[in-house]
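Here is the structure we will look at, set down as structure tokens.
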Amino acid sequence: MALALFTSLLYLPTPRILTAAKSQTSSITNYRRNLPEFPSLQLLIHKAPINTRALHPSPSSSASMEAPPEGYRRNVGICVINDSKNIFAASRLDIPNSWQMPQGGINEGEDPRVAALRELREETGIHSAELIAEIPDWLTYDFPPEVREKLKHQWGSDWKGQAQKWFLVKFNGSDEEINLLGDGTEKPEFGDWSWMSADQIVEQAVDFKKPVYEQVMKAFGPNLQ
């Protein structure tokens, strides 16, 4: 499915959230979508802070709630950077040798910004996080047939793939905060974690996510220098 990406990023400076706790430790290949090239992105800076604690589920709260393409599961992706501009990645327990950035589903009526911080906390235990920017449009990827069939049984719904809202998040804590057991509300998904470069993030991802990862790195590139 073709992607449409706005030529701007919405900067969302926010207050610090809290603090958390530390971690421990089948690649799908030959599947890649043909995606169009996107123009260079220009950044728009918005100085008014947004208090993420004040965000409440609202189906019409912002452009972030525009409907995703039909047949795709609503999802958020979180690109977490540290002071060195390295990016957080974790290895999946269910797909050996596959690394990814945190992501997860958006609950019914949930603001994607709230979902992003919730998923980050649930998957990594990270609380001290600051939203820096978001890509305002949905980025989609299709599931390979074998993955789609597996998730159909797991989720009870037959989705073509996932439509994601991507957020750039600054990690303000220490590595000791990172806990792959998460906050204890969900089953752990990762076995190990690392800070990586943008190139490494794309290289280590499963093939069917690489095109989206490339666009995310391109969009957030000015903040990764």
Would you kindly derive the ³J(HN,Hα) couplings of the stretch 75-82 from the backbone phi angles with the Karplus curve 6.51 cos²θ - 1.76 cosθ + 1.60 (θ = phi - 60°), listing them in order in whole Hz, with x for Gly and Pro?
8, 10, x, 10, 9, 9, 10, 9
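On a 21 Å Cα-Cα criterion, which of the cross-link pairs K152/K218; K152/K187; K150/K218; K85/K187 come out too long? Walk me through the intermediate numbers first.
On the way: K152/K218 31 Å; K152/K187 19 Å; K150/K218 31 Å; K85/K187 29 Å.
Check vs 21 Å cut-off fails for K152/K218; K150/K218; K85/K187.
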Additional length obtainable on full extension of the chain from T185 to A67, 0.36 nm per residue less Cα span
39.7 nm
Give the peptides 75-83, 156-164 in descending order of average Cβ contacts within 10 Å, highest first.
75-83, 156-164
Report the gain in length on full extension from R148 to S174: 0.36 nm times residue separation, minus Cα-Cα distance, nm rounded to one decimal.
5.7 nm
Compute from the Cα atoms of the stretch 79-225 the Rg and the Dmax, the latter being the longest Cα-Cα distance, and quote both in angstrom.
14.6, 42
Taking the Cβ of each residue in S174, S128 as the centre, tally the other Cβ atoms inside 10 Å and list the residues starting with the fewest.
S174, S128
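Could you please rank I135, I95, placing first whichever residue has the fewest other Cβ atoms within 10 Å of its Cβ? Numbers along the way, then the final one.
Details: I135 24, I95 14.
Starting with the residue having the fewest Cβ neighbours, the order is I95, I135.
Counting every Cα pair in the stretch 64-123, what percent are over 17 Å apart? Could the numbers behind the result be given before it?
Details: 852 of 1770 pairs.
For the stretch 64-123, the share of Cα pairs beyond 17 Å comes to 48 percent.
Just so you know, all these numbers are worked out from the coordinates, no wet-lab data involved. It should be emphasised that the depicted structure is a prediction, and the values quoted were computed from it without experimental measurement. Ideal geometry is used to build each Cβ from the backbone, glycine not excepted, and the neighbour counts take in all protein chains shown.
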